[in-house]
1. Determine whether residue B:112 is farther than 27 Å from residue B:316 by Cβ and either within 16 Å of DNA strand C (Cβ to nearest atom) or assigned by TED's automatic domain parsing to the domain that holds residue B:303 (or both).
2. For region A:52-97, what are the residues that are within 16 Å of DNA strand C (Cβ to nearest atom) and of a type in the set (Lys, Arg)?
3. Within region B:264-304, track down each residue that is without any contact (Cβ under 8 Å) to a residue 40 or more places away in the chain, out of contact with any strand residue (DSSP E or B) (no Cβ under 9 Å at 6 or more places or on another chain) and at the interface with another protein chain (Cβ under 9 Å from one of its Cβ atoms).
4. Kindly provide the set of residues from region B:25-43 that are away from DNA strand D (no atom under 12 Å from the Cβ) and either small (Gly, Ala, Ser) or touching a helix residue (DSSP H, G or I) at 6+ places or on another chain (Cβ under 9 Å) (or both), ordered by number.
5. List the helices (runs of 4 or more DSSP H) that sit entirely inside region B:187-294 and contain at least 1 residues that are more than 29 Å from the chain's Cα centre (by Cα).
6. Which of the residues that make up region A:318-343 are touching a residue at least 60 places away in the same chain (Cβ under 8 Å) and of a type in the set (Val, Ile, Thr)?
7. For the structure I just gave you, tell me whether residue A:108 is facing chain B (nearest Cβ under 10 Å), among the acidic types (Asp, Glu) and within 29 Å of the chain's Cα centre (by Cα).
8. Please determine, by comparing only the residues of region A:1-24 that are charged (D, E, K, R) and within 12 Å of DNA strand D (Cβ to nearest atom), which one is nearest to the other protein chains (Cβ to nearest Cβ).
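The values are calculated or read from the model by the stated rules, or taken from the named source; none is laboratory data. All of these numbers come straight from a predicted model, not from anything done at the bench. Here the Cβ positions follow ideal geometry from the backbone for every residue, glycine too, while neighbour counts run over all protein chains shown.
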Protein chains: 2
Amino acid sequence: MSERASIRDVAVRAGVSPTTVSHVLNNTPGTRTSEKTRARVHAAAAELGYSANAVARALRTRRSDSVGFVGDEIATTPFAGKLILGAQEVVRQHDGVLLVTNTSYDAELETREIRELLSRDIDGVLYAAMYHRVVTVPASLHAAPVVVLNARTNDDRSWVSPDEYAGGEDAAQVLIDAGHRRLAMIGNSDPIPAASGRPAGFLARAAAAGIPAEDVTVVYVSPTAGHAAEAAMRLLDRPDRPTGLFCFNDLMAMGAYNSARRLGLRIPDDLSVVGFDDLAILSAAADPALTTVALPHLEMGAWAAEQLYVEIAARATGQPSPVRHAELRGEVVHRASVGSPPR
Amino acid sequence: MSERASIRDVAVRAGVSPTTVSHVLNNTPGTRTSEKTRARVHAAAAELGYSANAVARALRTRRSDSVGFVGDEIATTPFAGKLILGAQEVVRQHDGVLLVTNTSYDAELETREIRELLSRDIDGVLYAAMYHRVVTVPASLHAAPVVVLNARTNDDRSWVSPDEYAGGEDAAQVLIDAGHRRLAMIGNSDPIPAASGRPAGFLARAAAAGIPAEDVTVVYVSPTAGHAAEAAMRLLDRPDRPTGLFCFNDLMAMGAYNSARRLGLRIPDDLSVVGFDDLAILSAAADPALTTVALPHLEMGAWAAEQLYVEIAARATGQPSPVRHAELRGEVVHRASVGSPPR
DNA sequence: CCGACCTGCCAAACCGATTTACCGGGTCGC
DNA sequence: GCGACCCGGTAAATCGGTTTGGCAGGTCGG
């Protein structure tokens, strides 16, 4: 085989015009073709291994079946991969392809890359953040369908983010279910949605379970293992210490692990720990393996792609884009860091 | 602004033909245009914010300035992100774009996705593995320029992989430099290049430093934290234990950490540990932070993309593809797990 | 028997760029 | 003064599909 077969080759072989081949292969609504001819076209296409040239099609239809994935950071955590994977599954069902781009938080680079994407007639853009925050969609994207992924925005755009509040609730519930009545959380002092949502849910659920407010402590520190370790040290180094500890994320949980170790506290016998994020390589390697609230990256990626296709379809029929928002709940991954409180 | 400006719009505004606009904007060799006209064209293009429609260009030139990134797995480690990022930097310089695809080790899916990419007239493909192994390039890619990334192949294709042997050497050197004379390595029993290369380099460097063979032990286990922990337990639970331990990867190093802890051995005072991979979230969160040999993902991604463009250029001028191979050395990341041997 | 309408199919225009082939006018060499 | 050649530019073909607008020929109703 030498060159890819074109629609003309198929037409010749089936003894029909390219028009008819196009109609048959695309099932173009509003066109009629006899069963006999349809069969001949399909046979010819199969024999030649024909598949339409996506570039030519895109030029005519102004639809490229490709969507851009514009992320701020792609190389530091597996998060990007999960968002991409979740989105890709949906895009794939639409015979589409994902154009991935990384901006490294560089606005100028972002503008250039978006221009590059736009010049390729992409159908829409997934605008993704690697950690849940508030973003503004760049002006250069104003005309394109855009869904904001793993973030929220004040622009009039659809977005999907993790349900931080529910995550906090779930973390509390895990500890409560195990029997803990003295709880603490090491929170994050940064001004981001997760930093307020998680403790809010945590506190609410503890209160709902009848745990008195003075028995649940929340402290806020800068989100590093070191700061978490310090905070844990202060929290744990006293007789009336909490027996159930929720950490803002897995990394900080590792800090808490270290402090517990220094204090001679065994996990989960003396102290139960719940993390957040489910950084699998971290939490599975921890000793003991860390019970944690997973971030729903796959699901968010898929949701965003689905929504994007809805908006693309709406635009194709001239309707206004239906803007929607979703907060997706992550699952609790039970491992080995939660047990009954010491008696 | 409503619609994107086309080359015709620019032509009208500059008072010339589309042909001339094309010549000027692309600096087409072998064409002549007066300075005056060139200036007018450039001005018109700038005023209209013109940038060529990449789809139309691709159709005519059969060159899409896009390259496919076909990976087997994208969501479990940050490796994929680093490979993509490294490649992207180079692709970007060529005004290109990366079409990312994930095959999940599914051959049928892979075939479908490659077909999808090919129908988009991609210029070439980066065929990437997430861990260094031997791959065979799928037959459907036979006609396209392909560079194998983070893997090697017996096909007549270019590839780039980590230099495992050098990594083993470097790990040994770190321990030797710190003064260690009794060394051990916990290796990987899987039949993959890294599993033989790293210990080979490690042993060679130890021998070169004059350490007698009986003072350096290598054991091979299945590459999990648990198996590594068991192996470390056996290795370390004796008076003539090694003082410098090299682990096949960071995860296994965490297993060794756990065993050392159980045995009451402090790191790095009683035992020095060197890992491999530089899984940053893991090694930085470890206590103490892990000294490790990094895998050169960024560099490999960039190398592969560079090489791919060389092959694309060669093909464009009708020359045969220059097949090349590279093994790239990773850097040692010094953190806190290596110290002097106990006296 | 006539016109309306349906069926099955196709020719040609079109999408927006690049590339080929050519053209008028000036210059140069002899 | 004439042919060759260069300069600056353009018209039209082209890439491979989809879409528009129609065209034969048959059927049906009145």
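1. On the way: farther than 27 Å from residue B:316 by Cβ: yes; either within 16 Å of DNA strand C (Cβ to nearest atom) or assigned by TED's automatic domain parsing to the domain that holds residue B:303 (or both): yes.
Against the criterion (farther than 27 Å from residue B:316 by Cβ and either within 16 Å of DNA strand C (Cβ to nearest atom) or assigned by TED's automatic domain parsing to the domain that holds residue B:303 (or both)), residue B:112 qualifies.
2. Within region A:52-97, A:57, A:60, A:62, A:63 meet the criteria.
3. Correct list: B:285, B:287.
4. Across region B:25-43, the qualifying residues are B:25, B:42, B:43.
5. The qualifying helices (runs of 4 or more DSSP H) are B:193-208, B:225-236, B:250-262.
6. A:323, A:332, A:338, listed by residue number.
7. When the stated conditions are applied, residue A:108 does not pass them.
8. Here the residue is A:4.
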